[in-house]
Amino acid sequence: MTSTQVGSSGVRLQLSERGPADAPTVVLVHGYPDTLQLWDDVVAVLADELRVVVYDVRGAGRSTAPADRSGYAMSHLLDDLRAVLDAVAPTRRVHLVGHDWGAIQGFAAASDESLSPRLASFTAIAAPGLGTARAWVARRLAEPSPRHLVELAGQLGRSWYLAAFQVPVLPELALRTMGDLPIGTGGVEDAVRGLGLYRANRSGEATRAPVPTGLPVRIIAGRRDPFVSPRVFDDLASLPHVTVTEVDGGHWLPRTHPERVARHVRDLVTEVEAGADG
């Protein structure tokens, strides 16, 4: 595996690459509170056939952090992805895969006019886009059937941490008191810095991105995910370019089910590349 760093919007991003240089390129983006190590077992499966790129998002792992909270805004996250694509695939489309906040970024990228043409497919694991989540909640409030209310209550119960992370100072104190984190692959300071993701992306601007249209999208959801209910993806499942797959697992599927995740990614890449060749 080769490693390098690329600059983007005032930060340096740690980047690693593995696999055949002439193979289709897959870019894997981790979430919170993780580092690129989240993908180690997935990369091990994919890299025999595909060129696989992973990077530490800003403020995590060996990437540097922005100077303040505003540096975690979605526009900067998309700048980071753009910088990575410029470095690894300036003239080729890539297959984007995101987990958790990586998936949230991916939905925004797939809806961005300058980035979406650079993507061949998008796989989202364990998280919807911010705009998708807002639309899902709005529909259930507008159509308050018993089923919709149960679904809404179930997701709201899973989303308790969203409000908790907005409280000043206390989340930082709690994280530092915990010592080693029981979840994720990042350290305590990564998690503290990463709170900026939640605090800098609350505005309507951050959540306005629509559902990507036309781009092949695969969503992988864990039936036992304590943070994101699979029902959040139900409204997307009817779209012709979207496939939703439920896995009997929790939130960190790239760690607990790496071969399953890799198989879904590889199948989508194979399908899209075959169509492009045809």
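The values are calculated or read from the model by the stated rules, or taken from the named source; none is laboratory data. Note that this is a predicted model, so its numbers are computed, not measured. Cβ sites come from the backbone with ideal geometry, for glycine too, and all protein chains shown count toward neighbours.
If you go through segment 147-176 and pick out every residue that is farther than 28 Å from D40 by Cα and among the hydroxyl-bearing types (S, T, Y), you end up with 0. Output the residues belonging to segment 202-243 that are hydroxyl-bearing (S, T, Y), under 25 Å from V272 (Cβ atoms) and modelled with pLDDT under 85. If the condition is that a residue be hydroxyl-bearing (S, T, Y), under 25 Å from V272 (Cβ atoms) and modelled with pLDDT under 85, then T213 is the only one that fits. Taking the conditions (1) of a type outside the set (F, W, Y); (2) assigned to a loop (DSSP other than H, G, I, E, B); (3) touching a strand residue (DSSP E or B) at 6+ places or on another chain (Cβ under 8 Å); (4) crowded, with 17+ Cβ neighbours inside 10 Å in turn, P33 satisfies each one other than (3). Taken over segment 89-138, the criterion of being part of a strand (DSSP E or B) and either on the phi > 0 side of the Ramachandran plot or aromatic (F, W, Y) (or both) is satisfied by F122 alone. Within segment 14-39, the set of residues being without any contact (Cβ under 8 Å) to a residue 60 or more places away in the chain and either within 20 Å of G187 (Cβ to Cβ) or under 12 Å from the mean Cα position of the chain (by Cα) (or both) comprises Q14, S16, L36.
Of the set (1) small (G, A, S); (2) touching a Ser or Thr at 6+ places or on another chain (Cβ under 7 Å); (3) crowded, with 16+ Cβ neighbours inside 10 Å, all apply to G59 but (2).
Being farther than 29 Å from T256 by Cβ and touching a residue at least 60 places away in the same chain (Cβ under 8 Å) holds for only one residue in R199, R139, R118, R193, and it is R139. Can you report the number of residues in segment 44-81 which are touching a Leu at 6+ places or on another chain (Cβ under 7 Å) and either touching a residue at least 60 places away in the same chain (Cβ under 8 Å) or assigned to a helix (DSSP H, G or I) (or both)? So the answer is 5. Going through (1) hydroxyl-bearing (S, T, Y); (2) surrounded by 22 or more Cβ atoms within 10 Å (Cβ to Cβ); (3) under 22 Å from A221 (Cβ atoms) one by one, S111 falls short only on (2). Residue count for segment 17-29 under the criterion of being outside any loop (DSSP other than H, G, I, E, B) and buried (at least 18 other Cβ atoms within 10 Å of the Cβ): the result is 6.
The one condition from (1) at pLDDT below 90; (2) part of a helix (DSSP H, G or I); (3) exposed (fewer than 11 other Cβ atoms within 10 Å of the Cβ); (4) of a type outside the set (K, R) that G157 does not meet is (1).
Selection over segment 244-278 of residues that are modelled with pLDDT of 95 or more and under 25 Å from P117 (Cβ atoms) gives a count of 11.
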